[in-house]
Each structure stands twice: as C-alpha cells, then as structure tokens.
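Some notes on the structure that comes next.
The values are calculated or read from the model by the stated rules, or taken from the named source; none is laboratory data. Computed from a predicted model, the values in this text were never measured in an experiment. Because the Cβ atoms are built from the backbone with ideal geometry, glycine has one as well, and the counts that use them run over all protein chains shown. Just the protein is used for accessible areas: all its heavy atoms, side chains included, with ligands, DNA and RNA removed. Shrake-Rupley method; radii C 1.70, N 1.55, O 1.52, S 1.80 Å.
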Amino acid sequence: MGAKRPAIPRELRRRILIEAGHRCAIPTCRATPVEIAHIDPWSKVKRHDFVNLIALCPTCHTRFDDPHGTIDRKAMRQYKANLSPLSNGFKARHPKHVKVIAGYQVFWAFLNHCIQENRAFEKALLDPTTPDSAMEALEYKSVASREEALIATLDFDSLYTPKRAGEIADNIFKVVDSWYDELWSDIASPAVPRKIMEEIEDLALALMEEIHHIVNECTHEQECGSSCGACV
C-alpha cells in the first residue's frame, strides 16, 4: 500500500488561494467555495508545488479530473498562467496599477537577464579551457547585466511601487548580487555553482502575492495608505 499523501502546507495553500482571489481560477466560473487541485496529478509528481497547484470549485475540479471531460491540462495551465500579473490576460482595476505591473515586468526582465549572464560567467569560471577572449566578453556581460538589474530594482522601488513590494524586490536583488560578488571574488579560484533560483523562490512568490494584493484588493475608491502605495 502506498504512502499516505501529505497535506498541502498551510502557507502554500494560502498562496494558492490568494493567487486566485479565493475563487475558482476558471474565469467564466469564479465560484466559491474552492479546493486545491494538482494540474499534473499527485500520482505522477508526488509533490505539492506552487506552479502545479490551482484553486478550483468542486464542480470544475470534478470536470478536470474526468478523463473524458472537456478541461484538459493544457487549458488548466493557461488558467494558471492567466492569474499572474505577467500575463496579458491579467486585468488591472485602476490605471495606476498599470505602472505597478509594468515595473514588476521590467524588474523581472532585467533580473532574469542578469541571472542568465552570470550563470554563463559562472560556467566559464568552472571550465579551465575557456579562452581569455571569451572570458573577457562574459565578464563585460556580467557587469553590464548587473548594473541594468540594479537600475531596474531602484526604479521599481522608488518611482511608484508600494513600500513592501519595493522592499521584497530589493531583497531579491541582494541575493542575486551576493552571488555576483562571489563570482568576481573567486575569479582566481572558480566558484561552486549556486542554485540561485531556489534561493529567491520564496521572495519571488512573496512579491507576486504583493502585486496580486495591490491589483485585486485595492479599488482606489479612497486612499488606502500602507495597504497600497500605488494610489498615494
């Protein structure tokens, strides 16, 4: 007999519910109450991962689980993607939210570029056969992408972003920047690869939650102060 399936951790369950606004994630439904469903079945993955979990009402959950039903996994992944502020399907409720979402997108675009360039630099440091000319090019890209990510972080923090979101973005950048510093301090003695995406995972989810809070819960009918800096 197989091992008993563990419960979804409370904090992870909370994140999934917040992501969907405590309603069914299928936009034409949006019913309550909801259950947490695995997009790829538990029997296959044996894990509870944020990217593989979605909030569904009992009816839609049953329809999704039906192998002969009309809701397939490809459709469910699209519904999951539509919940993200990075998705074109995400609708802002107030014009000022557009700036917050745009800043979030720019921040992640430059941060991801920085991570990619420094991952290539790290790989070269670990390969003693890397030619000097190639190393020089990678060093330049490492420095340039770090500066771009820093500017994007400062812009996100200072121009129009609510305080808590800006603080989380700062902390994400600090983790990536500590890796950058390690790479440069270890040029004579190659660095050990770091799982940088795993290191920033919790902060990334926290930042996404904050963006969802801003665009889902603030209607701007009145200034909401510390709960959303976008309307101040």
First select every other residue whose beta carbon is under 12 angstrom from the beta carbon of ALA152; then total the charges, Lys and Arg +1, Asp and Glu -1. -4
Ordering LYS96, LYS123 by how much accessible area each has at a 1.4 Å probe, largest first, what is the list? LYS123, LYS96
Calculate log10 I(q)/I(0) of segment 9-90 for q = 0.15, 0.21, 0.24, 0.25 Å⁻¹, where I(q) comes from the Debye formula with a single equal point scatterer on each Cα and nothing for solvent. -0.48, -0.98, -1.28, -1.38
Leaving out ligands, DNA and RNA but keeping every protein chain, what accessible area does ILE18 have, in Å² rounded to the nearest 10, with a 1.4 Å probe? 40 Å²
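For ILE8, ILE151, ILE214, give me the order by solvent-accessible area with a 1.4 Å probe, most accessible first, ignoring ligands, DNA and RNA.
Per-residue accessible area, sorted high to low, gives ILE151, ILE8, ILE214.
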Rg to Rh quotient for segment 1-150, alpha carbon positions, Kirkwood Rh: 1.12
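Relative contact order of segment 1-157: what whole-number percent is it, with Cα pairs under 8 angstrom and at least 6 residues apart?
The normalised contact order for segment 1-157 reaches 16 percent.
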Accessible-area ranking of TYR140, TYR104, largest first, probe 1.4 Å: TYR140, TYR104
Compute, for segment 96-144, the length of the dipole vector about the Cα centre, with Cβ point charges of +1 (Lys, Arg) and -1 (Asp, Glu) only. Units Debye, rounded to 20. 520 debye
